[in-house]
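Colleague: Got a structure for you, questions after.
The values are calculated or read from the model by the stated rules, or taken from the named source; none is laboratory data. Worth saying up front: this structure is predicted, and the values here are computed from it rather than measured. In this analysis, Cβ positions are derived from the backbone assuming ideal geometry, glycine residues included, and neighbour counts consider all displayed protein chains. Remember, those area values only see protein heavy atoms, side chains included, never the ligands or the DNA or RNA. Shrake-Rupley method; radii C 1.70, N 1.55, O 1.52, S 1.80 Å.
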Amino acid sequence: MLKMKLPTDLELLQFIYKKYYHFYKSFSREEKNRETKIFVPISMDEIAKYFHIDEDIIFGRLYYYLDQKYGYQRKDGTNVPFFTLMAGTDKHCVNFPLLSSVLASLQE
């Protein structure tokens, strides 16, 4: 039986951070490359290829697990997602500032 090592939360978030930081930073209100600065669309396919696993594993990890773990609700009732299916017209987006905070915490 083939044993595959799944990426840890730390490894997964480090990869996303390194791969998409420049894209996050390049946001311009004048020349929009995405809907919002905070929510960065990511490619499940590219991430899955890097880790040599099925893209639905990456999606499920972000949507069903990490969003539940790190997304939160403000006192006024508004939700702050860690990962969202859509941000405007952008698909599969991470809350990049929240991701960077979680990553810093995991690195401690």
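Colleague: Work out the count of Lys pairs in the chain where the Cα-Cα distance is under 15 Å, with the pair 8 or more places apart or on different chains.
Modeller: Step by step, the pairs that qualify in the chain add up to 4.
Colleague: Nothing charged except the Cβ atoms of Lys and Arg (+1) and of Asp and Glu (-1): what's the magnitude of the dipole of the range 39-101 about its Cα centre? Round to the nearest 20 debye.
Modeller: Values: 6 positive and 8 negative charges, 65 e Å.
The dipole of the range 39-101 has a size of about 320 debye.
Colleague: List the residues whose amide H sits under 5 Å from the amide H of Asp90, counting only those 5 or more places along or on another chain, with H placed 1.01 Å from N in the peptide plane.
Modeller: Glu35
Colleague: Taking Cα centroids, how far is the range 1-38 from the range 53-108 in Å?
Modeller: 11
Colleague: Ordered by residue, what ³J(HN,Hα) values in Hz, to whole numbers, does the range 80-88 give under the Karplus form 6.51 cos²θ - 1.76 cosθ + 1.60, where θ = phi - 60° and Gly and Pro are x?
Modeller: Once θ is set to phi - 60°, the couplings for the range 80-88 become 10, x, 7, 9, 9, 5, 9, 10, x Hz.
Colleague: About its Cα centre, what dipole magnitude does the chain give when the only charges are +1 on Lys and Arg Cβ and -1 on Asp and Glu Cβ, stated in debye to the nearest 20? Provide the component values of the computation, followed by the final result.
Modeller: On the way: 15 positive and 14 negative charges, 42 e Å.
Using Cβ point charges on Lys, Arg, Asp and Glu, the chain gives about 200 debye.
Colleague: Taking the 0 to 90 degree range and rounding to the nearest ten, how far is the long axis of helix 9-25 tilted relative to the main principal axis of the chain, both from C-alpha atoms?
Modeller: 40
Colleague: So what does Arg74 come to for accessible area, using a 1.4 Å probe and Å² rounded to 10?
Modeller: 130
Colleague: 5 Å is the cut-off here: which amide hydrogens, built 1.01 Å from N in the peptide plane, fall below it relative to Val80, excluding neighbours closer than 5 in sequence?
Modeller: Sorted by chain and number, the residues that satisfy this are Tyr72, Gln73, Arg74.
Colleague: How far is helix 96-107 tilted off the main Cα axis of the chain, in degrees rounded to 10, range 0 to 90?
Modeller: 40
Colleague: For Leu6 paired with Ala104, estimate the spin-label separation in nm (one decimal), with each label point 7 Å from Cα along the Cα-to-Cβ line.
Modeller: It works out to 2.8 nm between the two label points.
Colleague: Just the number, please: carbon plus sulfur as a percent of the accessible area of the chain, 1.4 Å probe, no ligands or DNA/RNA counted. Write down the numbers at each step before the final one.
Modeller: Numbers: 3790 of 7190 Å².
Carbon with sulfur: 53 percent of the solvent-accessible area.
Colleague: Another question, if that's okay. May I ask you to give the solvent-accessible area per residue for the chain, in square angstrom, as obtained with a 1.4 angstrom probe?
Modeller: 67
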